[in-house]
1. Fully extended, how many nm does the chain gain between Ser128 and Leu111 (0.36 nm per residue separation, minus their Cα-Cα distance)?
2. Round to the nearest 0.05 the FRET efficiency obtained for Leu155 and Ile121 when R0 = 35 Å and r is the Cβ-Cβ distance.
3. Using R₀ = 22 Å, calculate the FRET efficiency as 1/(1 + (r/R₀)^6) where r is the Cβ-Cβ separation of Val56 and Val165; round to 0.05.
4. Cβ neighbours within 10 Å, averaged per peptide: list 127-138, 32-43 in order, most packed at the top.
5. Label points 7 Å out from Cα along the Cβ direction at Lys73 and Val136: separation in nm?
Amino acid sequence: MAVPEEEIMAKASAKPASVKPASAKSDPVYTPAPLTSSDERTWAMLGHLSILVNLVSGILGPIVALVIYAVFKDRSRYVAYQSLQSFVFQLVWWIGGGALVGLAWAVTGVLSAVLIGLCLIPFACIFSFLPVAALVYGVYGGIEASQGRDFKYWLIGDWVRGTLVGE
């Protein structure tokens, strides 16, 4: 039994029921609600305190600060600034400071064979406190941010603010 060609063409050109016509309204775009002042202070504080994650993991603190920045950059400029500032601070002082400490001890160890390195031991000990000082400064930044103050890291805060304003 042959199906007429007109019937096949009619079925082929018919639109399925699930296809919306082009004139139908599309779903509205989701825009996240801005944060409350209390939530802003909390997330800004957590951005700064992410430096404490480095005590457990060694290097994951900057990643936590970057995730906080990525999640809240569209919802709060304050949280974006504080968390991005913490990210850059941790890269410079925790990662860079750790590399500097390692280098200082390596040079001291190598030069100890020639007795010059023994004179460098006090300097290597002082460099060893750079990451600890960064922890204390990061916690101070967290306390300032939790109280709603516009905390700014020395040398890093102005650069980050310029970067965010230039966006």
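1. Computed gain between Ser128 and Leu111 is 4.4 nm.
2. Computed FRET efficiency for Leu155 and Ile121 comes out at 0.75.
3. Values: r = 34 Å, r/R0 = 1.55.
After rounding, the FRET efficiency stands at 0.05.
4. Values: 127-138: 16.6, 32-43: 13.9.
Ranking the peptides 127-138, 32-43 by packing returns 127-138, 32-43.
5. Calculated label separation equals 3.3 nm.
Just so you know, all these numbers are worked out from the coordinates, no wet-lab data involved. Bear in mind that the values here come from a model prediction, so they are computed numbers and not experimental data. Counting neighbours? That spans all protein chains shown, and the Cβs are built from the backbone with ideal geometry, glycine included.
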